[in-house]
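The values are calculated or read from the model by the stated rules, or taken from the named source; none is laboratory data. What you see is a predicted model, and the numbers here were worked out from it, not measured in a lab. Note that we place each Cβ from the backbone using ideal geometry, even for glycine, and neighbour counts take in every protein chain shown. The area values use the complete protein model at the heavy-atom level, side chains included, leaving out ligands, DNA and RNA. Shrake-Rupley method; radii C 1.70, N 1.55, O 1.52, S 1.80 Å.
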Amino acid sequence: MEPTKHVVQISVFIENRPGRAATVCELLEEARINVRGFMISDTNDYGILRLVVDQPERAAEVLSAAGFTAKSKPVLVARLVDRPGNLSKLLRHLAEAHIDVTYTYSLISTFVAISVRDIESAWQPALDAGVELVTLDELVSELD
């Protein structure tokens with residue numbers, strides 16, 4: 001049997017207000033820690049920023065020193081071939097083994113999906129940041 005493989009994820013508890021996730025990412029940037037994947041989930045008052053970074057122990061130290069509550073947790077990272085059915089196959093195998101998946105997110109991509117309350121007002125600030133916004137057709141053709 002192969003030894004257990006996992007990656008350490010950092011979960012950071014942040015207030016649900018503009019700029020908090022940016023502050024976390026700026027702290028990591030200043031410490032030269034590279035974000036390899038992330039997701040944000042929220043409630044009315046707070047959010048959880050989950051990160052996979054290239055230096056998880058150091059990231060937790062940097063964020064804790066800046067006053068953030070940061071917790072480490074092992075997560076599975078699966079390399080999936082970009083074909084229909086590969087994600088469902090993985091999830092089905094986990095389900096058949098009675099393993100409850102609590103959340104998932106993608107890693108190491110230059111494409112980032114961002115949910116905002118008012119998408120119309122988000123377009124210009126995103127463009128001002130120097131990023132390219134893409135359509136589904138552009139995304140699919142880029143990945144094929």
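State all residues of the stretch 63-75 that are free of Cβ contacts under 8 Å to residues at least 60 places away in the same chain, open to solvent by less than 60 Å² (accessible area, probe 1.4 Å) and in contact with a Phe, Trp or Tyr (Cβ under 9 Å, 6 or more places away or on another chain); if no residue qualifies, say none. Result: PHE68, single match. Applying the criterion of being buried (at least 16 other Cβ atoms within 10 Å of the Cβ) and in a strand (DSSP E or B) to the residues of the stretch 12-26, the residue that is modelled with the lowest pLDDT is ILE14.
Residues in the stretch 76-125 that are part of a loop (DSSP other than H, G, I, E, B), open to solvent by less than 90 Å² (accessible area, probe 1.4 Å) and at pLDDT below 80 were compared, and the one that is farthest from PRO56 (Cα to Cα) is ASP118.
Restricting the first member to the stretch 34-55 and to residues that are under 15 Å from ALA22 (Cβ atoms), and the second to residues that are aromatic (Phe, Trp, Tyr) and surrounded by 18 or more Cβ atoms within 10 Å (Cβ to Cβ), the beta-carbon pairs closer than 8 Å and six or more apart or on different chains are LEU49/PHE38; LEU51/PHE38. Looking at the stretch 55-68, can you tell me whether even one residue there is among the hydrophobic types (A, V, I, L, M, F, W, C), modelled with pLDDT under 90, assigned to a loop (DSSP other than H, G, I, E, B) and in contact with a Leu (Cβ under 8 Å, 6 or more places away or on another chain)? Looking for residues that are among the hydrophobic types (A, V, I, L, M, F, W, C), modelled with pLDDT under 90, assigned to a loop (DSSP other than H, G, I, E, B) and in contact with a Leu (Cβ under 8 Å, 6 or more places away or on another chain), one finds none in the stretch 55-68, hence no.
Annotation: of all residues in the stretch 27-53 being among the charged types (D, E, K, R) and in a strand (DSSP E or B), the one that is modelled with the lowest pLDDT is ASP42.
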